[in-house]
Amino acid sequence: MDASAPDIKDLEDQLDAAERDARALAAALAEERGGWHAETGSWSVAECLDHLASANRVYLQAMKEPAIRAREQGRFRRGPATPGFVGRWFVRTMEPPVKAPFRMKAPRTIEPRTAPPLANAFASFRTSQDEVRSFLRAYVDLDLAAIRFPNPFIRGIRFSLATGLHVITAHERRHLWQAWRVRRAAEGAVWPGKVSEIGVVHLKRVQM
């Protein structure tokens, strides 16, 4: 299978774009501001990145066994790695800007660590990106649009591997958007002391 097929290249491009965005997000950001919270219960920039790293790994773990089984069964590529109708709808719910009906609390298994160091959270996110790329390249010759896996967060729901990969990239955009809002608010805050008018941005928990 040619890994340069348009649908595969699109996924690779989405992963690359997310990594560039995360790098720009963390660039020249002081540790104090990387760990800043707009309000109690909200996430910092570092926590957004840490959450993405955890979510990527949990999703991949759920996808690996069905992929291995499909290879043993000879279920090779028959079409592009794109989501079906329901999958496309679910991916759209992940995209920023986040709409009120689709805001939800993150499952406990992928909640960020408390106050992770910014550099460590960014490194963990980058490593998870490499793991997603490795999965894609390892199974690029399979019928990703037809092979299904159990959603690790929604009991009883099964997605195609193609949908899973697109959910990962959309979820990354969702929380990078959130993290940029936090960074801009942090940069408008008064250090130390009260938050300035610019810094008072009501960033409720935008999870999952």
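The values are calculated or read from the model by the stated rules, or taken from the named source; none is laboratory data. Note that this is a predicted model, so its numbers are computed, not measured. Note that each Cβ is placed from the backbone with ideal geometry, even for glycine, and that neighbours are counted across all protein chains shown.
Can you find even one residue in the range 39-53 that is part of a helix (DSSP H, G or I), among the aliphatic types (A, V, I, L, M) and within 25 Å of Arg158 (Cβ to Cβ)?
Within the range 39-53, one or more residues are part of a helix (DSSP H, G or I), among the aliphatic types (A, V, I, L, M) and within 25 Å of Arg158 (Cβ to Cβ).
Yes or no: Ser4 polar (S, T, N, Q), farther than 15 Å from Leu165 by Cα and buried (at least 18 other Cβ atoms within 10 Å of the Cβ)?
Taking the combined requirement at face value, the residue does not satisfy it.
Per-residue answers, yes or no, for (1) part of a strand (DSSP E or B); (2) of a type in the set (Val, Ile, Thr); (3) under 17 Å from Leu60 (Cβ atoms); (4) at pLDDT below 80:
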{"position": "Glu131", "(1), (2), (3), (4)": "no, no, yes, no"}
{"position": "Phe149", "(1), (2), (3), (4)": "yes, no, yes, no"}
{"position": "Pro152", "(1), (2), (3), (4)": "no, no, yes, no"}
{"position": "Leu165", "(1), (2), (3), (4)": "no, no, yes, no"}
{"position": "Ala170", "(1), (2), (3), (4)": "no, no, yes, no"}
{"position": "His175", "(1), (2), (3), (4)": "no, no, yes, no"}
{"position": "Trp191", "(1), (2), (3), (4)": "no, no, no, yes"}
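Go through the range 12-50 and report how many residues are on the phi > 0 side of the Ramachandran plot and either surrounded by 13 or more Cβ atoms within 10 Å (Cβ to Cβ) or of a type in the set (Val, Ile, Thr) (or both).
Keep residues of the range 12-50 that are on the phi > 0 side of the Ramachandran plot, which gives 28, 41.
Now restrict to residues that are either surrounded by 13 or more Cβ atoms within 10 Å (Cβ to Cβ) or of a type in the set (Val, Ile, Thr) (or both): none.
Matching residues across the range 12-50 total 0.
Would you confirm, using the coordinates I've provided, whether Arg137 is assigned to a loop (DSSP other than H, G, I, E, B), surrounded by fewer than 20 Cβ atoms within 10 Å (Cβ to Cβ) and either basic (Lys, Arg) or in contact with a His (Cβ under 8 Å, 6 or more places away or on another chain) (or both)?
no
When the range 93-116 is examined, which residues are found to be surrounded by 15 or more Cβ atoms within 10 Å (Cβ to Cβ) and part of a loop (DSSP other than H, G, I, E, B)?
Glu95, Pro96, Val98, Ala106, Pro107, Glu111, Pro112, Arg113, Pro116
Of all residues in the range 69-92 being within 18 Å of the chain's Cα centre (by Cα) and assigned to a helix (DSSP H, G or I), which is surrounded by the fewest Cβ atoms within 10 Å (Cβ to Cβ)?
Trp89
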